[in-house]
Amino acid sequence: MVEDVVEGGALVSLCGLSLATACGGNDAPQTGKSTSNPTVPAPTSTVPVSTTGRDAATTSPAQTHDAGLTAPRGVIGATPTSWPERDTGAPVPPAGACVEAQIADGGGYTGSPSYTRRTWDPVKRILKVEAFRSFSLDIVQTLETQFADDGGPLRYIGVEQPFQEDYTYDDHGGITDFIQSYPAVARIDVPSTAPPSLEYTFSNQYDASGKPLTSTKTPSGTQSPNNEVSTRTYTEDADGRCGEVDTTATSNTTKEVRTYTASGKTVHTTTTGQLESTSDDVFDAMARPVSSTFTLSSKFGGGSIRTTHTYLPDGSERVETFDGTTDVVNEQHSVTTRPAACLVIDAAIGHAKDDHCHIEF
């Protein structure tokens, strides 16, 4: 068990392309989300946008995808169409813009900074993330996510190379359906009508107080890695915190055990099964991530990833990651700088979290 950390900063983020497999926070309660999948209007129509679920509409117009930098009124993180030239190093973005700069320098190699701009629409609760090759704003990829009021994802899309992920939830906030598809045009405001390439359905059981007991996940779709059904069983400890999650499938059984420090600032998780891992997540008094260490071990190999977050007096954040799981030398160490505007967006999205068990992907 690691000790509490009062000052400093960090969190491991194993974020892949799919939101369903990463970036989700294992304890994030999933409330205020979609509980139905309505009929999808034609793509050319103007569709009301949900902020708490697919049936809760607002009068905001449907969002358009363009490479310009003009942002709707009230959008956080909007930037001008050009920025002052800088001679060397990572340029400083204009005040109020959320532009993250990352430099990878593993193995003595120092690459050019890569940039990610984030803008947030508080009315539609849509986060736009644009990746750039350089500070000259030549867009490489645009991703958009619509969030429920509690910070959980409702929909996730790729714009230039279209893909779409749609999430549905039950009245307890547990996920009931995940669909990934490849429509000709991905829409952040409506579910996809393209055939599912991957789908998981969840059958959830709760006790009388609403605590999750079990969840059975069934895969389908043209790109499903297998058709193996799995069942998770949830157990809370004497203090009402999620203490154990057991997953049973035909080919593998895993056990995830979580322990907590008295202050609750450190969560230690051990997972046993075909892939074995441990993680230690440390938070400060403001519930911000301070550090995270993830260690993986299996017959295929392993290693550790440690990330630290440092919160600076000007409101910005420095994220440093050491990755011992990759053999790509220049990916073994990176530093990301995030201006204060990025933390404002984080807070606006919201990542409500408690220690109870929650049924997630």
**Item:** Order of exposure, largest accessible area first, which applies to Thr248, Thr222 with probe 1.4 Å
**Value:** Thr222, Thr248
**Message:** I'd like the carbon and sulfur percentage of the solvent accessible area for region 208-361, probe radius 1.4 Å, heavy atoms only, ligands and nucleic acids excluded.
**Reply:** 54 percent
**Complete:** Residues meeting the amide H criterion for Glu236 (H placed from the backbone, H to H distance under 5 Å, 5 or more places apart or on another chain) are Gly243
**Computed magnitude of the charge dipole of region 160-291 (debye, nearest 20; Cβ of K, R +1, Cβ of D, E -1)** = 100 debye
**Prompt:** For region 257-361, what class follows from the C-alpha gyration tensor (a ≥ b ≥ c being the square roots of its eigenvalues): rounded when a/c is under 1.5, otherwise prolate if a/b is larger than b/c, else oblate?
**Reply:** oblate
**Message:** Is there a quick way to get the dipole size of region 274-330? I mean about its Cα centre, with the Cβ of Lys and Arg at +1 and of Asp and Glu at -1; what is the value in debye to the nearest 20?
**Reply:** 100 debye
**Asked** What residues have an amide H closer than 5 Å to that of Asp284, excluding those fewer than 5 places away on the same chain, when H is modeled at 1.01 Å from N in the peptide plane?
**Response** Val290
**Fill in**
Given a 1.4 Å probe, the accessible area of region 258-316 per residue, as a whole number of Å², is 50 Å²
**Prompt:** How large, in percent, is the carbon and sulfur part of the accessible surface of region 152-206 at a probe radius of 1.4 Å?
**Reply:** 54 percent
**Request:** Give Lys217/Lys299; Lys128/Lys265; Lys124/Lys217; Lys211/Lys265; Lys211/Lys255 a once-over and call out the pairs whose C-alpha atoms are over 28 Å from each other.
**Result:** Lys128/Lys265; Lys124/Lys217
**Item:** Shape call, region 164-305: gyration tensor on alpha carbons, a/c limit 1.5
**Value:** prolate
**Prompt:** Looking at the square roots a ≥ b ≥ c of the eigenvalues of the Cα gyration tensor of region 311-361, which shape do they give, rounded for a/c under 1.5, prolate if a/b is larger than b/c, or oblate?
**Reply:** oblate
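The values are calculated or read from the model by the stated rules, or taken from the named source; none is laboratory data. From a predicted model like this one, the values you see are computed outputs, not experimental measurements. No Cβ is skipped: glycine too gets one built from the backbone with ideal geometry, and neighbour counts run over all protein chains shown. The protein model used for the area step is the full one, side chains on, heavy atoms only, and it has no ligands, DNA or RNA in it. Shrake-Rupley method; radii C 1.70, N 1.55, O 1.52, S 1.80 Å.
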